[in-house]
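The values are calculated or read from the model by the stated rules, or taken from the named source; none is laboratory data. Just so you know, these numbers come straight off a predicted model, no measurement behind them. So basically every Cβ, Gly included, is an ideal-geometry build from the backbone, and we count neighbours across all protein chains shown.
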Amino acid sequence: MGIRRLFVANRGEIAVRIVRAAKALGIGTVQAYSEADRDMLAVRLADAAVCVGRPAARQSYLDGARLIAAATESGCDAVHPGYGFLAENAAFAEAVEAAGLIFVGPRAETIRTMGDKAAARDAAIAAGVPVVPGSKGRVADLDAALAAAEAIGYPVMIKAAAGGGGRGIRIAGNADELRRLAPQAQSEAQAAFGDGGLYLERVITNARHIEVQVLGDGTRAIHAFERECSLQRRRQKVWEEAPAACLDGATRNRLCASAVALAESVGYRGAGTLEYLYDDATGAFYFIEMNTRIQVEHPVTEMVTGIDLVAAMIRIAGGAPLALWQEDVRLTGHAVEVRINAEDPAAGFLPAPGTIGALEVPEDPGVRFDGMIYEGYTIPPFYDSLLGKLIVHGADRAQAIDRMAAALEGLRIGGVKTTIPLHQALCADPDVRRGDTHTQFLEAWLAGQTLAAQ
């Protein structure tokens, strides 16, 4: 079948990444953009670009009908949704295919099953994958939530059944807190995802966040090893690395094998990520959810395996079988990625949009910058604050962190405040260098820090 012309239905750094991957495959590209994004880098790099609406995402990047019309009218035969926006929207995937276009991602039914976190838990259990003790599917109402929490044991995490990104999550330590917090979580989930469904999970204290990268062609799947993403602020990942230094070989093998088993059980197609909590105290791991799309942090996996994940998902969507076998995938060295946001860490991480001044990007061996900025670019205030990702590769974790510290010193972004000082401080922290962290570490660490302004 193959793809000849690809419509990029996203923005920012992931749009740049997709355009470049498609061009390397000899595929033409058409970039969608809102009225606020006329000057973004992906528009400059693509073969053509189409305005899809006003700055507000719901009037552009979240308007599925408008995106599909633009893809069709511009002569595209496929749509890549990137991450966020409509990337995990099953109805959008169905509509793309109903219009005679290829959706670069999993089938709509897979998105629907694995995008509903309660349904994904059931799929994991059916595939023999361990899950965090929790409710049996969604909780129908507050009484059902209270009964489930009593059976699970407090503290419990109240989670949105749909969506992701840390939205719709609350932790309740007792029944009174559950009565108060469940309606808040439901309201937030409804506003963010159009679905207020909730389910409950037991809280695992000081757990690590580990995720496994998979690739599948709908019949067969492989893994590309795992990443650790435990350094999080407000449940948003800040620093990611591959592999997870806390795992021994036997645990890594069991974890990755469980991810492949689940991916194959649902006939997964394309690139996806299965997220787990890992309990350092017991060595146990538990599946929590699947992201049916490319991840922000995919470059660290690319650095340690040499696999171009975006190119692989485009080829698979075009009808090619999975080109790799598990024995072909090798793990080499260690990689670290940090997210460079237009935020001021010295002022409580307030967003800091503005115009990019002098820009210096390090080009040393083992250093990569996946960005969306250039000198003179004005950051629109309508979207998230991510400017790009700085990624490094080293022979081992210590060298990777040293290389990251040097790369951060060499990355100069004038005109705006960024999170570079945060990452410089993390590189110097003894606990971070030892890998002695968990999902609650960064919040407590920040409470005791005074970060310098850039």
ask   = Is one or more of the residues making up region 123-136 on the phi > 0 side of the Ramachandran plot and either surrounded by fewer than 19 Cβ atoms within 10 Å (Cβ to Cβ) or among the charged types (D, E, K, R) (or both)?
value = yes
ask   = Do you know which residues across region 384-420 are farther than 20 Å from residue 451 by Cα and either at pLDDT below 95 or more than 23 Å from the chain's Cα centre (by Cα) (or both)?
value = 384, 395, 396, 398, 399, 403
task = Determine which member of the set 2, 53 is surrounded by fewer than 21 Cβ atoms within 10 Å (Cβ to Cβ) and modelled with pLDDT under 95.
result = 2
remark   = Of (1) surrounded by 18 or more Cβ atoms within 10 Å (Cβ to Cβ); (2) at pLDDT below 90; (3) in contact with a helix residue (DSSP H, G or I) (Cβ under 7 Å, 6 or more places away or on another chain); (4) not basic (Lys, Arg), residue 145 fails just (2)
task = Search region 318-330 for residues that are over 19 Å from residue 249 (Cα atoms) and pair each with any residue that is outside any loop (DSSP other than H, G, I, E, B) when their beta-carbon atoms are under 6 Å apart and the residues are at least 6 apart or on different chains.
result = 321/217; 322/217; 324/222
message = For region 42-76, give me each residue that is under 13 Å from residue 7 (Cα atoms) and of a type in the set (Asp, Glu).
response = 47, 73
message = Let me confirm something: among 158, 125, which residue is touching a strand residue (DSSP E or B) at 6+ places or on another chain (Cβ under 7 Å) and more than 30 Å from residue 257 (Cβ to Cβ)?
response = 158
inquiry  = I'd like to know if region 256-267 contains one or more residues that are within 21 Å of residue 400 (Cβ to Cβ), out of contact with any Lys or Arg (no Cβ under 6 Å at 6 or more places or on another chain) and touching a residue at least 40 places away in the same chain (Cβ under 8 Å).
reply    = yes
query = For region 25-139, list the strands (runs of 3 or more DSSP E) that sit wholly inside it and hold at least 3 residues that are within 25 Å of the chain's Cα centre (by Cα); which are they?
reply = 28-33, 78-80
query = Looking at 170, 208, which is the one that is under 28 Å from the mean Cα position of the chain (by Cα), modelled with pLDDT of 95 or more, closer than 22 Å to residue 441 by Cβ and basic (Lys, Arg)?
reply = 208
query = Just checking, which of 111, 14, 18, 27 is farther than 22 Å from residue 291 by Cα and buried (at least 19 other Cβ atoms within 10 Å of the Cβ)?
reply = 27
inquiry  = Looking only at region 164-193, how many residues end up being within 19 Å of residue 120 (Cα to Cα) and in contact (Cβ under 8 Å) with a residue 40 or more places away in the chain?
reply    = 4
query = What are the residue pairs meeting all of these: first residue in region 360-384, first residue assigned by TED's automatic domain parsing to the domain that holds residue 420, second residue modelled with pLDDT of 95 or more and aromatic (Phe, Trp, Tyr), Cβ atoms under 8 Å, and 6 or more apart or on different chains?
reply = 361/369; 362/369
task = Scan region 390-443 residue by residue and report those that are of a type in the set (D, E, K, R), under 24 Å from residue 17 (Cβ atoms) and buried (at least 22 other Cβ atoms within 10 Å of the Cβ).
result = 403
inquiry  = Against the definition (at pLDDT below 95 and surrounded by fewer than 17 Cβ atoms within 10 Å (Cβ to Cβ)), how does residue 353 come out, yes or no?
reply    = yes
query = How about region 191-287: which strands (runs of 3 or more DSSP E) wholly inside it have at least 2 residues that are within 23 Å of residue 135 (Cα to Cα) and not acidic (Asp, Glu)?
reply = 198-202, 208-217, 269-279
remark   = Here the residues within region 150-167 that are within 21 Å of the chain's Cα centre (by Cα), surrounded by fewer than 22 Cβ atoms within 10 Å (Cβ to Cβ) and modelled with pLDDT of 90 or more are 157
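Every residue, every condition in (1) in contact with a helix residue (DSSP H, G or I) (Cβ under 6 Å, 6 or more places away or on another chain); (2) of a type in the set (Gly, Ala, Ser); (3) at negative phi, yes or no:
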| site | (1), (2), (3) |
| --- | --- |
| 259 | no, yes, yes |
| 280 | no, no, yes |
| 287 | yes, no, yes |
| 312 | no, yes, yes |
| 318 | no, yes, yes |
| 338 | yes, no, yes |
| 345 | yes, no, yes |
| 359 | no, no, yes |
request  = Quickly run through region 332-348 and pick out the residues that are surrounded by 19 or more Cβ atoms within 10 Å (Cβ to Cβ) and within 16 Å of residue 233 (Cβ to Cβ).
outcome  = 337, 338, 339, 340, 341, 342, 343, 344, 345
message = For the list (1) surrounded by fewer than 23 Cβ atoms within 10 Å (Cβ to Cβ); (2) at negative phi, I need the number of the one condition that residue 366 fails.
response = (2)
